[in-house]
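Chemist: Below you'll find the structure I mean.
The values are calculated or read from the model by the stated rules, or taken from the named source; none is laboratory data. This one's a predicted model, so the numbers in the text were calculated from it and none came from an experiment. Here the Cβ positions follow ideal geometry from the backbone for every residue, glycine too, while neighbour counts run over all protein chains shown.
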Amino acid sequence: MSIKHETPILTRVLQTFGLATIIIGVVAGAVICAADSFEAGIATIIGCIFAGIVYIGIGQAVDYLARTAFNSARLCIILETSITERLRAIESSSSVPVTPTISSSSKANYFYSTDGTQQGPVDATDLRMMRKDGLITDDTPVLREGETQWRVFKDYLALSR
């Protein structure tokens, strides 16, 4: 079975921006070389080429993530979940006390749905054990307490570790 992959718009935007940066940088660098200073012109060219390559590389990374996530919507959920978890880890290591709006993933309660009926709440440890024991799958709908959108188990990176 082959899944058709659509290149995300963000990938195209980043690649276009990268190419435009390189082209504009080379033209601007040539003008600077001719009119002002050879060293400044070369520095402009090198800097713009480097920046363009970075933009193109980020575009390729977004495309790779979209391919591995199978669609852009799931990619957004994966990125949102991983960024949220990382921010919580940073907040918890901060010396300044932070009052989180949602408890951390290890203390959060989760609901899951089997056969269309909501079950729970259970904590993250119990949910991971249920997955390990085969009682739920990667595609089981899961809702973290305090959230409004159901996601599948595999979209919660903290749970699948």
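Each row is one residue, and each column tells you yes or no for (1) part of a helix (DSSP H, G or I); (2) modelled with pLDDT under 85; (3) more than 29 Å from Thr11 (Cα to Cα).
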| position | (1), (2), (3) |
| --- | --- |
| Cys76 | yes, yes, no |
| Leu87 | yes, yes, no |
| Val98 | no, yes, yes |
| Thr101 | no, yes, yes |
| Pro121 | no, no, yes |
| Asp139 | no, no, no |
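Chemist: Residues in region 109-139 that are of a type in the set (Gly, Ala, Ser) and surrounded by fewer than 15 Cβ atoms within 10 Å (Cβ to Cβ): how many?
Modeler: Total satisfying the criteria: 2.
Chemist: Thr44 fails exactly one of the following numbered conditions: (1) among the hydroxyl-bearing types (Ser, Thr, Tyr); (2) within 31 Å of the chain's Cα centre (by Cα); (3) at pLDDT 90 or above. What is the number of that condition?
Modeler: Single failed check for Thr44: (2).
Chemist: Further question on the same structure: Quick check on my filter: what residues within region 123-153 are among the polar types (S, T, N, Q) and closer than 19 Å to Ile77 by Cβ? If you could, list the steps in order and put the result at the bottom.
Modeler: Taking region 123-153 and keeping what is among the polar types (S, T, N, Q), we get 125, 137, 140, 148-149.
Residues satisfying the conditions are Thr137, Thr140, Thr148, Gln149.
Chemist: As an exercise: evaluate Thr44 against (1) closer than 30 Å to Leu79 by Cβ; (2) in a helix (DSSP H, G or I); (3) among the polar types (S, T, N, Q) and give the number of the one condition it does not meet.
Modeler: Every listed condition holds for Thr44 apart from (1).
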